[in-house]
Structure formats: C-alpha cells, structure tokens
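Encoded as structure tokens, the structure appears first; notes follow it.
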Amino acid sequence: MSNMSMSASAENQSLKVKVQAFGRFLSAMVMPNIGAFIAWGFITALFIPVGWMPNETLAKLVGPMITYLLPLLIGYSGGKLVGGERGAVVGAIATSGVIIGTSIPMFTGAMIAGPLGGWAIKKFDEAVDGKIKSGFEMLINNFSAGIIGMILALFFFKVIGPAVEVASQGLGNAVQLLVKMNLLPLTSILVEPAKILFLNNAINHGVFTPLGVQQTAELGKSLFFFIEANPGPGLGILLAYWMFGKGTAKQSAPGAVIIHFLGGIHEIYFPYVLMNPLLIIAAILGGMSGVFTNVILKGGLIAPAAPGSIFAALAMTPKGGFVATIGTVLVSATVALLVSMVILKKEKEVENDFEAANAKMKELKNKKENSTFEARTLDSLTNVKRIVVACDAGMGSSAMGASLLRKKVKAAGLDIHVTNLAINNLTEDIDIVVTHQDLTSRAKTVVKTPVHLSISNFMDGTFYDNLVEELKKKLNKSANVVEANEEIKTEDNGILIKEGITLGLASKSKEEAIKEVGLKMAKLGYVGEEYYKYMLEREEKSTTYIGNNVAIPHGTLEGKAQVLKTGIVVNQYPEGIDFDGEKAYLLIGIAGKNNEHVDIISNIADVIEDEDKVLELAKTKNIDDIYDVFSI
C-alpha cells in the first residue's frame, strides 16, 4: 500500500472516528435514561385509549412524561457529560426553557441545551479556578449555576425552542410536498431521520394522521397510517445489533426488540442509530422498501397504529389486507437488517485494515509501536508531581501498570505520586495520564490539561523505563516517591486462596475463558453471579491482555456494584487462550473493593514482568508454585 493511499485511509478513518464519537455522545445522553423510556412506553402501550388496558386516569401520565420528564433527563445527562454534576444541573435548567418555549416534545432541543449548559458552567469554573476567597465557594457555586442556568433558560425559551419547532414544521411541510408529488416512498428520506431526532410523533400525528383520516373517509383505508408507524426498519436495526453488535448495545438489543416490535415504542431504537449515525441509511432504505411494498400490495390501515407495534398494526388492518401489512413489515425489516449488517461488519473490517496498514507503515520505518515515545511530548511540563495509569474500570490492568511504573519511579529517586484510576475519575490536576491506545481518545475527552501517553501493553517495561529516564533528565531530582496507596499490614487477608487457583484447563475462546474466570469468582463469593457479563463488556471495549502471556479480565466501572469482597483467582491454560493473536497462559481474575488488593496486584506485576517465570507457571502442575509466588 502506498503512503498516499495509507494517508487517505488514515483521513477516512479519522472522519469515521469523529462521526462515531459524535454519535456516541448523542447516544450517551439517551442510553442512561432507557429505563425511563421503557416506563413511559409501557404506560403508553397499556393505558392510552387505543392501548391494551385503556384507562383515562392513568393515561394522564403519558403527556407530562414525554413533554417534561424525558427531555429533562436527556438535558441533565448531556450537561453531566460535559460539565459534571454542576453541568447536569445547569443543563436541566437550560432544557426547561426549550421545553416550555415549544408545543411539541423537545428531545432535539434537550440534546442542544443540556451539553451547552454543561459547557457554560465548566468554562465559568475554569475562569474562576483559584480566584475564589476561602469560605465563599458554596455561595459562588450556587449563584453561578443559578444565574447561568437562568440566562440559558431564557435564551432557549425565546430563541432555540421556537427555531427547533419551526424546523420540525418545515420538515412536515417537506413531507407533505413529496406526498402531493406522488413520491410516497421518498418520504422515508425525511421521515426516518426525523424519527431518530425524536420528531416521530410530530410527523405522524401532525402530517400523516390528518392525511390518513381524509383518505380513509374516501377509500376506507390509508397508506399514510403505516409510513411512520411501520416497526420494520427499527426491528431490522435492532436485530443487526443483536447479531453483529458489541458491548452494551448487543446485550440490550434483545430487550429493545420486544419493547419496539411488540410494545410499539419506536423511541427505544433511536439511541442505537445515534450510536452509529451511518445506520440512518438502513432506516431510510428499510422505510422506503416498506412504503413501496405497501403501495404495490395496495395495503393500508383503517386508523393510526398507536403505539406502532405489530399488534396495533394488525388490529388496524382491514379485512383482506393482512398480506400487505405483514409483507410491508417483513420487507422493511429485512432490508434494514441487511444494510445494518453490512455497516456493522464493514466497520470492523475497516478498523482491522487500517490497523494493519498502520502497523505495516511503522514496521517499514523500523518503529515498534508504543515501545517508546517522543521525549518532546513532555516539553510542556515544567514539573511532574502526579502520574496516573488509567483504564476503563480503574482496577486490574491500570493497577498492574501503575504498580510497575511506581517501582521504577521509586528506584529512580523521583518525587512523583503514581496511582491508577478509572478514566471517568480523571481530574485536570494530573500531570501525565497513561492509557491503553484504544482508550486514549476517550481519556482526552475527560481531561484536557494532562499530557496523554498511549501504551499498547500495560506491562511494557521498556515504555516505563523510557518515561522514567526522560523524567530524570527533565526534573533532575533525587527524592523519595510518594506511594499511591497505603500498604495493607495483614498476615492473611484471604485475597488469594488455594481454592482460587485452577490448573490444567483446556483451551477455549477468550469469551468462554473470561466467563469461566467470572463464574469461579462468583462461586468463591467475590462477585455476583452476573459479574462475568461486565467482564465480557470490558473485553469488548479494550483487551485485558497485558503482555507476557498474561490476561487480567475484570469488569467495567458499572460492574463494581457486583463486587462483594476483594479476591483473586488464577486460571492456568497450558495450551493458551487466544487474545486477538496474543497467547495468554494465565488468566488472573481480580475483584477489588477499596485498596485491599493493592499489595497482591503489586506482587503480580513483579512476577509477570519476568516472561520466563510466567512460562514456568504456565506449565506447573503444583498449585503451591502459583500460590507461593502470588500470595502476600
């Protein structure tokens, strides 16, 4: 591959990463609140006049929840993503302005107001940092949040809310124009993106229902009732995630299928499209093929299908029209599934191709990826007091890396505090952040001030040696290192017990091996029975293989609630487990509460730094060999 083609590939990859990052940001505002959407969906499906259990009193919950509760939750989450807890509060205040300033559910406005509120308070806090007199912090914090929130609420009430409402009305007019031009399938080009931005009800009830009622009065049925309400496109996208997705999206997709297809709550699949905006193509093509099928089969419904479930659609289908209704759903779902499948699978292939090309280019330049770094990356630092090794959960892999780096810093006589944290817990007062190369971009969105260094292997001693050497040159100091964690003085804390060591296990897939480790941890009472799912999710985000034939599977930050007590298990696989081309002979499962596992983590880091020692332990048939090496 030529340098020019590799450069083009890099540019395309960069653009794709930016699009995906934007999609993930939008999705991150909605995903934490899926429970609220499901609650609203059930209430809607059950109690509205055309629901399964019509109840006029309980149905009063539907309007306020979609008008106020759901947009406020999205605005709160958006503000928190950008500005933390204070950003969440200001984001919610700003969102209230856009809600009250319009007459339609303002999800789009919330996605603008929430992050802007978080950004505004974050910038204010940065501007006054270190300038507030002692004792006035709470006063300034409360009044600043109130005043900035008030200004943004007024701005969104008078400007942004009405602008978004006008835009949605314009979208409705554009749809009506396509209808008048007899280009019905092309309406999906506008309808499907509008749905993803939560304008589905405005389009359906503001455009298609009036047209449908008029057509039904003349013909006894109408195609308009089944353009927006068709569950097929959403079903196809969710099925694709179920089969070809990864992480939380894959695990939650089956439940979303039920809520969407059987419950008729289309909002449930919108975050999945926001997560990967290219999937809007699948939604559009699925919608277009569904409308075209309905036209060809001369289908239509006798009334709006609300909520848009398959049951509601069939209930509103006139006699003799079931083939058209079912065919419309099946065709649109199939098209959306196939297109989504191509997009999701192609994404993985492109990433692999790009990584291979990148590795090849570095190989040609005789550079070993991440074994060192350019010293000039530290040029901006005048002093270094704190280094953090960070990973997703702030437990296993980062703890290993921090332990190894801490020893090297101490041996060099540097007065530097070395610790490990979860990426979400990073703060701006850190001098250097070391993260796995797959997580560096995410860490940079959390903190901007520190110098960010990427590493491909948390146990890469050469990387740490080079870093310490450059720090010695830069700081030219000789002092005692500040240990990141207090040592635990105990004779036998039960963190590693012989029952937690299993030898001679047969090779299997890494997913099966990780689950095996998680279930062993649960059996010993260290974690809940479902903890292994968080371990698998963590592996989807970035590998827990840390080098020298060792992997340390552990859960995500969200999985910490499943940790019952501190404990470690060691599973030996003499033939190895394949971790994306790397062989792991020892899988060390870690469950840590507080800092109770720090000493043994440090001990593990010492042992696995010696690859020859790992290979000995990989073949041993004596449990005591492993217990004696790893126990405190």
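The values are calculated or read from the model by the stated rules, or taken from the named source; none is laboratory data. Given the structure is predicted, the values throughout are model-derived calculations rather than measurements. Every residue, glycine among them, receives a Cβ derived from its backbone with ideal geometry; neighbour counts consider all protein chains shown.
May I ask you to list the residues in the stretch 486-503 that are surrounded by fewer than 12 Cβ atoms within 10 Å (Cβ to Cβ) and either modelled with pLDDT of 90 or more or in a loop (DSSP other than H, G, I, E, B) (or both)?
Of everything in the stretch 486-503, those that are surrounded by fewer than 12 Cβ atoms within 10 Å (Cβ to Cβ) and either modelled with pLDDT of 90 or more or in a loop (DSSP other than H, G, I, E, B) (or both) turn out to be 486, 487, 489, 490, 491, 492.
In the stretch 46-96, what residues are within 30 Å of residue 447 (Cβ to Cβ) and outside any helix (DSSP H, G or I)?
Result: no residue meets the conditions.
Pull up the stretch 142-166, narrow it to residues that are of a type outside the set (A, V, I, L, M, F, W, C) and under 30 Å from the mean Cα position of the chain (by Cα), then point me to the one that is surrounded by the fewest Cβ atoms within 10 Å (Cβ to Cβ).
Ranking the qualifying residues of the stretch 142-166, first place goes to 165.
From 557, 536, grab the single residue that is closer than 28 Å to residue 434 by Cα, at pLDDT below 80 and not assigned by TED's automatic domain parsing to the domain that holds residue 464.
So the residue among 557, 536 that is closer than 28 Å to residue 434 by Cα, at pLDDT below 80 and not assigned by TED's automatic domain parsing to the domain that holds residue 464 is 557.
Have a look at 583, 613, 621, 593 and point out the one that is in a loop (DSSP other than H, G, I, E, B), modelled with pLDDT of 75 or more and surrounded by fewer than 20 Cβ atoms within 10 Å (Cβ to Cβ).
Step by step, each of 583, 613, 621, 593 is checked, and only 621 is in a loop (DSSP other than H, G, I, E, B), modelled with pLDDT of 75 or more and surrounded by fewer than 20 Cβ atoms within 10 Å (Cβ to Cβ).
Quick one: which residue in 333, 305, 283 is hydrophobic (A, V, I, L, M, F, W, C), under 36 Å from the mean Cα position of the chain (by Cα) and not in a helix (DSSP H, G or I)?
Testing whether each residue is hydrophobic (A, V, I, L, M, F, W, C), under 36 Å from the mean Cα position of the chain (by Cα) and not in a helix (DSSP H, G or I) leaves just 305.
Would you mind telling me which numbered condition in (1) touching a helix residue (DSSP H, G or I) at 6+ places or on another chain (Cβ under 6 Å); (2) more than 14 Å from residue 222 (Cα to Cα); (3) surrounded by fewer than 18 Cβ atoms within 10 Å (Cβ to Cβ) residue 297 fails?
Unmet condition: (2).
Does the stretch 554-580 hold any residues that are charged (D, E, K, R), in a helix (DSSP H, G or I) and either in contact (Cβ under 8 Å) with a residue 40 or more places away in the chain or surrounded by 23 or more Cβ atoms within 10 Å (Cβ to Cβ) (or both), and which are they?
The answer is 560, and nothing else.
Considering 111, 65, which residue is touching a residue at least 12 places away in the same chain (Cβ under 8 Å), buried (at least 22 other Cβ atoms within 10 Å of the Cβ) and closer than 29 Å to residue 271 by Cα?
111
Just to verify a result, which residue in the stretch 244-272, among those that are of a type in the set (Val, Ile, Thr) and either touching a strand residue (DSSP E or B) at 6+ places or on another chain (Cβ under 7 Å) or in contact (Cβ under 8 Å) with a residue 60 or more places away in the chain (or both), is farthest from residue 538 (Cα to Cα)?
265
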